[in-house]
Ligand SMILES: [Fe+2]
Ligand SMILES: [Fe+2]
């Protein structure tokens, strides 16, 4: 059963209400002014306060405000004397549940108290429900995040498997995609890529040569220079890769790199002849790290260049093959010297 606190400086009114409340079976506490009532509230768990307005030391309005500050869910019903209706209406705006005019009609008092207690119960229930809901939402969000993380991991594993598949077809490029990706991520970090942009760059750089799956082996592994026709065939690989990956929605952000990693800054690259800043930033980054790895690796048609020679070669392509600003960062900040694998030796 709920506990009620009756506050009135008039002992006759107080006793009348206390007797009536006790008869109804509620636990009843009482106080003679607002201050005393506040002290009781601090010591007892009270569900409803039934208070007079005009009292010495602390009046009912002050009690209402202080009590609600301490216990926002407390139900407060005010008793108003003649001429206090306006005060009582203001009190309702401050959070009182109801007000009753003196002299008190015990039937009306009963209805008012029942209603106030019912409202309080509902309010507590809603609060409880909301709290549960918040907990549930937080739990589900956490679960969803875990699923997303797992999905991301799976994505990356799939991408790695695909890139290893390409390399298996072309033994000369073993580790190529990994190294291109490693340096591209380092360069992108220098440029200030966000976590999400880095993720896409990782997919794109690992998959940049996916289209080589569609290039004939004898062209891919030809130990000498390619004929014009063979070279045209090899140049198809960005478009083949683009077509392959286009339908995989999760990998869509990798597409600009796959398609444009052989564009040149002067517009003379392929497949679309994009020029300068028309070439997506991700792709301009991969153009640099792809070329660097190609030069420093052994290829069927030539041996590996030394790092110094490769850098010299690349500086010659500054502004023609490569984005000059990105190339400067790649060289000046020594990114080329970062070891992609602890045991890396140029192939
Ligand atoms: Fe390529
Ligand atoms: Fe490549």
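The values are calculated or read from the model by the stated rules, or taken from the named source; none is laboratory data. What you are looking at is a predicted structure, and each value in this text was computed from that prediction instead of being measured. So basically every Cβ, Gly included, is an ideal-geometry build from the backbone, and we count neighbours across all protein chains shown.
Before moving on, here are some points about what is shown:
- When the test is whether a residue is assigned by TED's automatic domain parsing to the domain that holds residue 290, away from ligand 1 (no atom under 16 Å from the Cβ), surrounded by fewer than 22 Cβ atoms within 10 Å (Cβ to Cβ) and farther than 18 Å from residue 241 by Cβ, residue 175 does not pass it.
- Flag if residue 223 is farther than 16 Å from residue 158 by Cβ, surrounded by fewer than 16 Cβ atoms within 10 Å (Cβ to Cβ) and touching a residue at least 12 places away in the same chain (Cβ under 8 Å): yes
- Flag for residue 252 being on the phi < 0 side of the Ramachandran plot, away from ligand 2 (no atom under 16 Å from the Cβ) and not in a loop (DSSP other than H, G, I, E, B): yes
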